[in-house]
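K.L.:
Once you've had a glance at the structure underneath, I'll fire off some questions.
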Amino acid sequence: MNTTLIDSNSTHWVNNTPANIRPYLQLSRLDRPIGYWLLTLPGWMALAFSTYQHGIHLSDIKWAILILVGAVAMRGAGCTYNDIIDQNLDIQVDRTALRPLPSGAVSNKQAWIWVILQCIIGLLCWAILPNISKVIALFSIPLVMAYPFMKRITWWPQIWLGLTFNWAVLVAYSAKTLTLNLPVILFYLALVFWTLGYDTIYACQDLEDDIKVGIKSTARKFGRRVKTGIGTSYLISVFLIFLSKLLQADQINVYEICVILAGIFPFAFHLIYQVFAFKPADKEKSLFIFKSNKFSGFLLILPWFLMGLFSAHIN
């Protein structure tokens, strides 16, 4: 039986794979690549963020590939773990009822084995990191383990997701520079608010089911002011990015401020577009806008990379 999940593209290659392996690929959400892009992009953003003070190096390519592979593996492991924890809730929600665990396509034992196999790939990526990055990466484990429970105990699970999903900022930056500093920590916090905004948009798809099942989210918390909540989250994100870049500057003058604003503007403009285009009652539109955050990420990476390329030699 070729089972296509409600929120999956029926033409995606995952939905045309043999029936005995398809449920595992669905557990990893490989049919919904936006998730691993949103896990990868913060790491790539951090590499671009570092170019101002540390230039561009050929080793950046190694770190970028490692971040992508690690993101796909660990996002898959995290989603599988999340489905194990949430299967009794998923079966009550139309969008998730046909997922492999609630539908019975795989057993709990098989799902746990799949978690372990994906974690092994993540472990191999971890082993290549510098020691400082290895330690930082380990601190993400409690965040990942606790995330499935956040929607049961707080109205702000999107904040926890932001702390988890953007951890690659700290790992990637420390891998390249062997250090952490205040600007990159502020940048990490900025992306937490970015995630708060886009995941609130995503949560609007399940608003009715979440109310019925009792799942908490910022989409429910904001209520009729959800658009204001998303806009405020994005505004804080842009402000913190601006502040983090300002702290990177050797000197603060009109020229530096203009350069910083030019680098942030495409990203900020796309967030403004999202707020104005977003319609809480339109589920398809919500999903489309949520997925468009892949482009938001690239709109921040590209200007910074080009600026770094322009101002520094490749070593």
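The values are calculated or read from the model by the stated rules, or taken from the named source; none is laboratory data. Given the structure is predicted, the values throughout are model-derived calculations rather than measurements. Every residue, glycine among them, receives a Cβ derived from its backbone with ideal geometry; neighbour counts consider all protein chains shown.
K.L.:
Any residue at all in segment 84-105 that's in a helix (DSSP H, G or I), charged (D, E, K, R) and either within 21 Å of THR195 (Cβ to Cβ) or modelled with pLDDT under 90 (or both)?
P.N.:
Checking segment 84-105: at least one residue is in a helix (DSSP H, G or I), charged (D, E, K, R) and either within 21 Å of THR195 (Cβ to Cβ) or modelled with pLDDT under 90 (or both).
Conditions (1) under 16 Å from ALA168 (Cβ atoms); (2) touching a residue at least 40 places away in the same chain (Cβ under 8 Å), marked per residue:
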residue: ILE116; (1), (2): no, no
residue: ILE120; (1), (2): no, no
residue: LEU129; (1), (2): yes, yes
residue: ALA137; (1), (2): yes, no
residue: ARG152; (1), (2): no, yes
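K.L.:
Could I ask something else about it? Restricting attention to segment 160-169, does a residue exist that is out of contact with any Lys or Arg (no Cβ under 6 Å at 6 or more places or on another chain), farther than 24 Å from ILE230 by Cβ, free of Cβ contacts under 8 Å to residues at least 40 places away in the same chain and not hydroxyl-bearing (Ser, Thr, Tyr)?
P.N.:
no
K.L.:
Another question, then. Just wondering, is there one or more residues in segment 24-42 that are more than 21 Å from the chain's Cα centre (by Cα), assigned to a loop (DSSP other than H, G, I, E, B) and among the hydrophobic types (A, V, I, L, M, F, W, C)?
P.N.:
No, because not a single residue in segment 24-42 is more than 21 Å from the chain's Cα centre (by Cα), assigned to a loop (DSSP other than H, G, I, E, B) and among the hydrophobic types (A, V, I, L, M, F, W, C).
K.L.:
Which ones in segment 214-255 are surrounded by 15 or more Cβ atoms within 10 Å (Cβ to Cβ) and within 20 Å of LYS151 (Cβ to Cβ)?
P.N.:
Within segment 214-255, ILE215, LYS216, SER217, THR218, ALA219, ARG220, LYS221, PHE222, VAL226, GLY229, ILE230, SER233 meet the criteria.
K.L.:
Out of all the residues in segment 27-55, which are surrounded by fewer than 22 Cβ atoms within 10 Å (Cβ to Cβ), hydrophobic (A, V, I, L, M, F, W, C) and closer than 21 Å to PHE187 by Cα?
P.N.:
TRP37
K.L.:
Keeping to segment 161-191, report how many residues are part of a loop (DSSP other than H, G, I, E, B) and either at positive phi or more than 19 Å from the chain's Cα centre (by Cα) (or both).
P.N.:
4
K.L.:
Out of everything in segment 107-141 that is not aromatic (Phe, Trp, Tyr) and not in a helix (DSSP H, G or I), what residue ends up being farthest from GLY43 (Cα to Cα)?
P.N.:
Top of the filtered list is SER107.
K.L.:
Within segment 223-245, count every residue that is of a type outside the set (D, E, K, R) and modelled with pLDDT under 95.
P.N.:
The qualifying residues number 1.
K.L.:
Residue pairs, Cβ under 8 Å, 6 or more apart or interchain, first in segment 245-260 and under 17 Å from PHE187 (Cα atoms), second exposed (fewer than 14 other Cβ atoms within 10 Å of the Cβ). List them.
P.N.:
Short answer, once both residue conditions are applied: LEU246/ILE252; LEU247/LEU182.
K.L.:
Quick one: in segment 256-288, of everything that is aliphatic (A, V, I, L, M) and within 19 Å of ASN166 (Cβ to Cβ), which residue is surrounded by the most Cβ atoms within 10 Å (Cβ to Cβ)?
P.N.:
LEU271
K.L.:
Still on this structure: Could you please let me know if TRP114 is of a type outside the set (A, V, I, L, M), in contact with a Ser or Thr (Cβ under 8 Å, 6 or more places away or on another chain), under 21 Å from ASP209 (Cβ atoms) and modelled with pLDDT of 95 or more?
P.N.:
It is false that TRP114 is of a type outside the set (A, V, I, L, M), in contact with a Ser or Thr (Cβ under 8 Å, 6 or more places away or on another chain), under 21 Å from ASP209 (Cβ atoms) and modelled with pLDDT of 95 or more.
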